[in-house]
Amino acid sequence: MDFVKDMRARAARLQKKLVLAEGTEPRTVKAARILVDEKLAASVTLVGAKAEVEAVASKEGVNLEGIVVVEPAASPFLESYAQMYFDILHKKEEAKKAKGQPVDRPITLEKAKAEITAQLRWGAMMVHRGDADAMVAGAESATADVLRAGLAIVGTVSKTASSCFVVHTTDPSWGAGGSLIFSDCAVIPEPTEEQLADIAVSAAQSCRELLEAEPVVALLSFSTKGSAAHEAVTKVQNACTILKGKNPDFVFDGELQADAALVPSVTDKKAPGSPIRGKVNVLVFPNLGAGNIGYKLVQRLGKAEAFGPFLQGFAKPISDLSRGASVDDIVTTAAVTLSRAK
């Protein structure tokens, strides 16, 4: 499996609309040129003050022909975007009031108009309205800012936004042709049991979208089927109970140690009769520490390739970049995000 090649080919085939919210960031401008030249999207939009985008493009030697540049403050859609943003936030405020929760700073239409001109919010609104099918940002913005824009405007299909990595090993017997989904490795430090169940559902969907395989999910712990007693173990056990109550359309098991999840002979000893024996392609980690350490150990010691993180759980596809992302990283992330657009 050549993950990057497959994702680019899929994006080129689907021809969806992409917005790059950080339109004045040099690597992003270069990536936009590649995405257009390689015809990986139906359209590519850079968000930012037009003069600033043009100045960056000139400095970097990038021709903007074929790339759409949107300046929020001068856009003919400003009023409609502001109204929709106001409506979204006002609805959330009313929901808070109904629950007896305080609303610190009530939204006004004037405030909504000022806030929606921020690049991340504008990009998220483009996706929400359908003016773009997918958004990529994060080359110069903190993950928390990208998440806030996505959560406020795009929304989620569950209560939990999380992330996953695609980890491709050199051994095709692991996972789906050598590839597995690792989740969550970048967003939630200490997920609750309810969040772990949500993460499992989102990771299963990521498996379908990114690996094109039916998910087989293992919820990991340092215990297998009650071999250890600890509150951290109980949390994973409860997450499995909650997940079962959701009647998911995929096979899963937990709590399992990593070897019990992945190695059939160990599964037979520690979890005999497990429905996921020898078939696992999705690993759900109990917390961010385990997930982040886990994928990096496999990447470095196992000489595997790790792609991501890719955000999951959102109503429409958005992705966060590492601030150290290269131009190629941005192109790859854009291709992956476009490939998930409906």
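Here, each number is a calculation from the coordinates, and none is a lab measurement. It should be emphasised that the depicted structure is a prediction, and the values quoted were computed from it without experimental measurement. Cβ placement follows ideal geometry from the backbone for every residue including glycine, while neighbour counts extend to all protein chains displayed.
Using the Cβ-Cβ distance between residue 315 and residue 234 with R0 = 22 Å, the FRET efficiency computed as 1/(1 + (r/R0)^6) comes to roughly 0.10.
Taking the Cα centre of region 119-245 as the origin and placing charges on Cβ (Lys, Arg +1; Asp, Glu -1), which of 197, 182, 137 is farthest toward the positive end of the dipole? Positive-most Cα among the choices belongs to 197.
Length gained on full extension, residue 140 to residue 173, computed as 0.36 nm times the residue gap minus the Cα-Cα distance: 8.1 nm.
Simple point charges give the picture: +1 on the Cβ of Lys and Arg, -1 on the Cβ of Asp and Glu, and for the chain a dipole about the Cα centre of about 480 debye. In straight-distance terms, cross-link reach from residue 5 covers every one of the aspartates and glutamates whose alpha-carbon lies under 18 Å from its own, apart from those fewer than eight places away in the same chain; here that gives 37, 38, 209, 212, 305, 328, 329. Stretched out straight at 0.36 nm per residue, the stretch from residue 301 to residue 118 would grow longer than its current Cα-Cα span by 61.7 nm.
Among 164, 207, 240, sorting on how many other beta-carbon atoms sit within 10 Å of each Cβ, with the fewest leading, yields 240, 207, 164.
Relative to one another, the C-alpha centroids of region 106-132 and region 188-219 are positioned 29 Å apart.
Quick one: which of 12-20, 117-125 comes out on top by average Cβ neighbours within 10 Å, and what's the full order, highest first? Don't skip to the end; give the middle numbers.
On the way: 12-20: 20.7, 117-125: 24.8.
Sorting 12-20, 117-125 by mean packing, highest first, produces 117-125, 12-20.
What does the helix-only formula give at 222 nm for the chain: each DSSP H stretch with n ≥ 4 adding -39500 (n - 2.57), the total divided by the residues, and the result rounded to the nearest 500 deg cm²/dmol?
Numbers: 13 runs with 150 residues, N = 342.
About -13500 deg cm²/dmol.
Once the Cβ-Cβ distance of residue 194 and residue 2 is raised to the sixth power relative to R0 = 56 Å, the FRET efficiency obtained is 0.90.
Work out the FRET efficiency for residue 225 and residue 79 from their Cβ-Cβ distance, taking R0 = 35 Å, and round it to the nearest 0.05. The partial results should precede the final answer.
Values: r = 58 Å, r/R0 = 1.67.
Given R0 = 35 Å and the Cβ-Cβ separation, E is 0.05.
For region 162-308, what is the relative contact order in percent, using Cα pairs closer than 8 Å and at least 6 residues apart in sequence? Please report the intermediate quantities before stating the final value.
Values: 314 pairs, mean separation 51.4, N = 147.
It comes to 35 percent, rounded to a whole number.
Available extension along the chain between residue 51 and residue 104 is 15.4 nm, counting 0.36 nm per residue and deducting the alpha carbon span. Bridges between two residues of the chain, per DSSP, are antiparallel at a rate of about 35%.
Its alpha carbons give the chain an Rg and a Dmax of 21.1, 65 Å. Taking square-rooted eigenvalues a ≥ b ≥ c of the alpha carbon gyration tensor, is region 162-308 rounded, prolate or oblate, where a/c under 1.5 means rounded and, failing that, a/b exceeding b/c means prolate? Rounded shape, in that the Cα axes give a/c under 1.5. Neighbour counts of C-beta atoms inside 10 Å place 285, 222, 250 in the sequence 222, 250, 285, starting with the fewest.
Please say if region 8-61 is rounded, prolate or oblate, where rounded means a/c under 1.5 for a ≥ b ≥ c the square roots of the C-alpha gyration tensor eigenvalues, and otherwise the choice is prolate for a/b larger than b/c and oblate otherwise? Prolate is the answer for region 8-61, as a/c is 1.5 or above and a/b outweighs b/c.
Fewest-first ordering of 44, 4, 167 by other beta carbons within 10 Å of each residue's beta carbon gives 4, 44, 167. Relative contact order, whole percent, for the chain stands at 22, derived from Cα pairs under 8 Å and 6 or more residues apart.
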